[in-house]
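Notes to accompany the following structure.
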Amino acid sequence: MLNARRLLAVVLALLVAFTSVLAAVPGAKAESITTIEVYIGKNTGTVNGKTTTLEQGAVIKNGRTMVPLRFITDAMGATLAWDAATKTANITLADNKIALTIDNAVAKVNDYDVALDAPATIINGKTVVPVRFVAESMGATTAWDATLKKVTVQFSMDWLTNKAVVPFWEAMNAALGKSMADLTKEFNATHPSMEVQLLPVASYGALSTKIIGALAAKDPPLLAQAYENDAAQYGTGFQLSTLDSYINGPNGLSKAEIADFFPVLWEDGKLADGKRYMMPAVKSDIVMWYNKDMFTAAGITRPPATWQEFADDCAKLTKTDDKGNQIQWGASFGSSSPQDLWVSMVYAYGGRVLNDTYDDVLFGSSNAAKAATQLFLDLETKKYMHYAPGSYADEADFNAGKAAMYLATVVSRTYVDLGKFALGEAPLPAGPAGKATALMGGNVVMFGNAPKYTQRQKDAGWAFIKWFTSPHPQAVWAAQTGYLPARQSSLKDPVLVAAYADNPEKRAGLDQLNDLVIEPPVAGWSASRSKIASDLQAIYLGKMSVADGLLKMAQDVQAIIHK
């Protein structure tokens, strides 16, 4: 009996020891992962270290690595069916289906059309396909080693059932929210080992408050939308990741891809420390919306090109009834980011808001700030322009036909294109120093330093950022929402070409890219914006003179940025 007990104890001890050894060995779980390697210019590849001869060596075409179709499908355990009549390869793995047709730049992945930089083609009598596209569409990950000219594919069937979940908090609503949801659904379908889970929040302000609370609890989402000043504030929580390691990593962006971003939007990704924390995903600027029917009735043939013309047009567009009651203003303003519009005008009049290091206010006694502020005050005093500070009250004036012009972000089309009148869209007027418009809209940030997230989840988060900011999704996003596309090549995408051809005025925001003013990427700017809005309200309501109001505003902002 004693011997039996001793034997049992020995067996249990050995079992514990063996289990501990397995847990301690980094590669203990590697048996379930298939690793595939191919080198450009070589006619061999490896699958889990075992060398195999390729029917055709890996080559680069249009910047994409092409490998024999049969090699990659066999290595991943996928089923391949060839349709000779249509020259289409049909690939099936688990519930995922891919269809590639020879020399067709559009493939099918789980019923979604996917544009290819390099379509499947035939080289030396062998069918070759873009390895990254095929592998990732079946749930694998890929990495490029530029030094060795090697592509590494890793795959596990477990990843298709145990997906890398990516929580994404965003502030898109109504039609904007639908577009975001539809694009995210497409990403999930075409990247079957990953799942981005959206959490829509009512507004950017509510989103910022929610994230600050989550950071305090050390429980942030992996991805979130963020203004520049929000990202600066989040960075103090030490959970916000810089994105340079992903951009320059094995699944990063090539020099050509980086150059494809509009330069001003690409530069917007940096904070004051010079590091990149953001990617431009949902960017916008302020434009002028105008009622073409009212313009025609007033004999105005085009939108104002300068702020002085704007003032003149406001006077022409103002109407009263027989009893002298105001029934129409030239424009309405006040609730739709008045501080951002004001910043735009200060620059258009030749002024600045903060210095280059964002620690000194420049507008307190600025003649440019005074002139820009006085213009709107004079128009409001003469009742040529309606100051409507209530929640979207200026937008309501415009939609109701009470105002001929409305100054707001490009994405306002969703809310003002109601078919009540002929809608016009134009760039903001120019001031004495030229044109200027504030860059608005959120970037995407990653809280990859939060300990709750695995490397698989962080890699999936980057995969979504990279995909959403790629040319075709950005073209679809811009066409559906009015946002600015982040990529220059998006302008050649048929979806966006058709949208702009249908209504060339939809390019108004895009045509201002050279006139963008990037607001200060510092944590204090969020509170500063609120102070600017409240001080402007005091000026427009006649509680302070322009000079006194700007001086108070400067003192308020200076106190905030020096905290």
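Check whether at least one residue in region 82-97 is modelled with pLDDT under 95 and surrounded by fewer than 10 Cβ atoms within 10 Å (Cβ to Cβ), and report yes or no.
Yes, that holds for at least one residue.
Just checking, how many residues over region 523-554 are of a type outside the set (Phe, Trp, Tyr), in contact with a strand residue (DSSP E or B) (Cβ under 8 Å, 6 or more places away or on another chain) and under 21 Å from Asn367 (Cβ atoms)?
Summing the residues that are of a type outside the set (Phe, Trp, Tyr), in contact with a strand residue (DSSP E or B) (Cβ under 8 Å, 6 or more places away or on another chain) and under 21 Å from Asn367 (Cβ atoms) in region 523-554 gives 1.
Working carefully through the options Ser241, Ser332, Ser336, find the one that is outside any helix (DSSP H, G or I), in contact with a His (Cβ under 7 Å, 6 or more places away or on another chain) and not charged (D, E, K, R).
Details: Ser241 fails: in contact with a His (Cβ under 7 Å, 6 or more places away or on another chain); Ser336 fails: in contact with a His (Cβ under 7 Å, 6 or more places away or on another chain).
Exactly one of Ser241, Ser332, Ser336 is outside any helix (DSSP H, G or I), in contact with a His (Cβ under 7 Å, 6 or more places away or on another chain) and not charged (D, E, K, R), namely Ser332.
Can you name every residue in region 402-422 that is more than 17 Å from Asp285 (Cα to Cα) and touching a Phe, Trp or Tyr at 6+ places or on another chain (Cβ under 7 Å)?
Step one: of region 402-422, the residues more than 17 Å from Asp285 (Cα to Cα) are 402-404, 417-422.
Within region 402-422, Lys402, Ala403, Ala404 meet the criteria.
From the set of residues in region 236-252 that are in contact with a Lys or Arg (Cβ under 9 Å, 6 or more places away or on another chain) and of a type outside the set (S, T, N, Q), which is surrounded by the fewest Cβ atoms within 10 Å (Cβ to Cβ)?
Taking region 236-252 first, the residues in contact with a Lys or Arg (Cβ under 9 Å, 6 or more places away or on another chain) are 237, 239, 241-244, 246-247, 251-252.
From the residues that got through so far, the ones that are of a type outside the set (S, T, N, Q) too are 237, 243-244, 246-247, 252.
Numbers: Gly237: 17, Leu243: 25, Asp244: 14, Tyr246: 23, Ile247: 18, Gly252: 18.
Checked region 236-252; the qualifying residue surrounded by the fewest Cβ atoms within 10 Å (Cβ to Cβ) is Asp244.
If Asp74 passes every condition in (1) surrounded by fewer than 22 Cβ atoms within 10 Å (Cβ to Cβ); (2) farther than 19 Å from Trp159 by Cα but one, which one does it miss?
It fails just one condition, (2).
Rundown of residues vs (1) closer than 16 Å to Gly177 by Cα; (2) surrounded by 19 or more Cβ atoms within 10 Å (Cβ to Cβ); (3) at pLDDT below 95, yes/no style:
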residue: Met194; (1), (2), (3): no, yes, no
residue: Leu199; (1), (2), (3): yes, no, no
residue: Ile211; (1), (2), (3): no, yes, no
residue: Pro221; (1), (2), (3): no, yes, no
residue: Ala224; (1), (2), (3): yes, yes, no
residue: Asn229; (1), (2), (3): no, yes, yes
residue: Gln233; (1), (2), (3): no, yes, yes
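Which of the following residues is in contact (Cβ under 8 Å) with a residue 40 or more places away in the chain and over 24 Å from Trp342 (Cα atoms): Leu271, Leu243, Leu265?
Details: Leu271 fails: over 24 Å from Trp342 (Cα atoms); Leu265 fails: over 24 Å from Trp342 (Cα atoms).
Sole residue among the options that is in contact (Cβ under 8 Å) with a residue 40 or more places away in the chain and over 24 Å from Trp342 (Cα atoms): Leu243.
Do we have Ala388 as closer than 17 Å to Tyr540 by Cβ and surrounded by 15 or more Cβ atoms within 10 Å (Cβ to Cβ) here?
Numbers: closer than 17 Å to Tyr540 by Cβ: yes; surrounded by 15 or more Cβ atoms within 10 Å (Cβ to Cβ): yes.
In short, yes.
Among the residues of region 349-383, write down those that are of a type in the set (Asp, Glu) and either surrounded by fewer than 19 Cβ atoms within 10 Å (Cβ to Cβ) or within 35 Å of the chain's Cα centre (by Cα) (or both). Quick ask: steps written out before the conclusion?
Taking region 349-383 first, the residues of a type in the set (Asp, Glu) are 356, 359-360, 378, 380.
The answer is Asp356, Asp359, Asp360, Asp378.
Counting residues that are touching a residue at least 12 places away in the same chain (Cβ under 8 Å) and over 26 Å from the mean Cα position of the chain (by Cα), which strands (runs of 3 or more DSSP E) fully inside region 97-196 reach at least 3?
On the way: elements: 106-109, 112-115, 121-123, 126-130, 141-145, 150-155, 164-170.
The strands (runs of 3 or more DSSP E) meeting that bar are 121-123, 126-130, 150-155.
Can you find a residue that is surrounded by 19 or more Cβ atoms within 10 Å (Cβ to Cβ) and basic (Lys, Arg) anywhere in region 118-140? Can you show your working first?
Step one: filter region 118-140 for residues surrounded by 19 or more Cβ atoms within 10 Å (Cβ to Cβ), giving 118-120, 127-140.
Retained after the next criterion (residues that are basic (Lys, Arg)): 132.
Yes, region 118-140 contains a residue that is surrounded by 19 or more Cβ atoms within 10 Å (Cβ to Cβ) and basic (Lys, Arg).
Search region 99-117 for residues being touching a Ser or Thr at 6+ places or on another chain (Cβ under 7 Å) and either surrounded by fewer than 23 Cβ atoms within 10 Å (Cβ to Cβ) or not aliphatic (A, V, I, L, M) (or both), and hand back the single one that is nearest to Asp493 (Cα to Cα).
Val114
The values are calculated or read from the model by the stated rules, or taken from the named source; none is laboratory data. Bear in mind the structure is a predicted one, so any value in this text is a computation, not a measurement. Cβ sites come from the backbone with ideal geometry, for glycine too, and all protein chains shown count toward neighbours.
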